[in-house]
1. Which ordering of 96, 19 is given by a fewest-first count of other beta-carbon atoms within 10 Å?
2. Given 10 Å bins starting at zero, what is the percent of C-alpha pairs of the stretch 3-161 in each, up to the one with the largest pair distance?
3. Between 219, 77, 136, which gets the highest mean-square fluctuation from a Gaussian network model of the chain, Cα cutoff 10 Å?
4. Test of understanding: in a Gaussian network model of the chain with alpha carbons linked when under 10 Å, which of 14, 211, 54 would top the mean-square fluctuation ranking?
5. Would you mind classifying the chain by shape? Square roots of the alpha carbon gyration tensor eigenvalues, ordered a ≥ b ≥ c; an a/c under 1.5 is rounded, otherwise it is prolate if a/b is larger than b/c and oblate if not.
6. Evaluate the Kirkwood expression for the hydrodynamic radius of the stretch 84-233, namely the inverse of the mean inverse distance over all pairs of different C-alpha atoms, and round to one decimal in Å.
7. Using 0.36 nm per residue of separation minus the Cα-Cα distance, give me the extension gain between residue 13 and residue 39 in nm, one decimal.
8. Between residue 50 and residue 258, 0.36 nm times their residue separation minus their Cα-Cα distance comes to what?
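Every read-out reported here was derived from the displayed coordinates using simple, explicitly stated rules and does not represent laboratory data. Just so we're clear, the structure is a prediction, and the values are computed from it rather than from any experiment. In this analysis, Cβ positions are derived from the backbone assuming ideal geometry, glycine residues included, and neighbour counts consider all displayed protein chains.
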């Protein structure tokens, strides 16, 4: 896959790049696997903004992606589709019983690709099987955190985790973030790398394009008033000299630990931050 560059007919066109859509084989989704999606604009059920910088954007339909496939299925890829709700491509697949599913597409999937799910599946690209049946060193994606719960990790475009070891009923995985963690060996994963690898290299190029994606502007704290942000106020010179950077609510940002779920610490062999520490 490659990034598409535009002729600089306008200032924005000079910077803008887009994804290559060559892998996509159809523009129309399967109606039975789509749902209406209401724009929440980052607000909760009380109308308060809980996620900032959300709102507007084009209307979308949600694609019902299956993260937990039934056992011992043979599936055929019928179409590769664009999904406006995620960075990866999705594949419309059909099993031997004529049932359709949407699954995450990997880099090797094309129209007509046949793959299998279940513990009896071979160790081949796109096949989905338990980690205990996958050789050490294999790259996997769409990994379960608990057996039978469905894929929760390594689902974004271009991501994959490497299976590092298997011992004492656990598989050790090196995650895309650099974190090394353990999961139960009975958890399922798909072999390969999630599609649309070049997603992270796309340059938006124009403010309007970001608004159409439903992302509202972000204002820097240093240009606000002192009442609105810890970085605000002053005469336009140096801001917050000798002060650690903070969020709009006064919480420390750099190096301040916000992890709440300490129960899973025993599953993390190496933190994603350890490589950054000096």
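1. 96, 19
2. In order of increasing distance, the bins hold 9, 31, 32, 19, 8, 1 percent.
3. Sorting by GNM fluctuation, first place goes to 219.
4. Checking each option, the largest mean-square fluctuation is seen for 14.
5. oblate
6. 17.7
7. This chain segment gains 6.5 nm when fully extended.
8. Going from the current span to full extension adds 73.2 nm.
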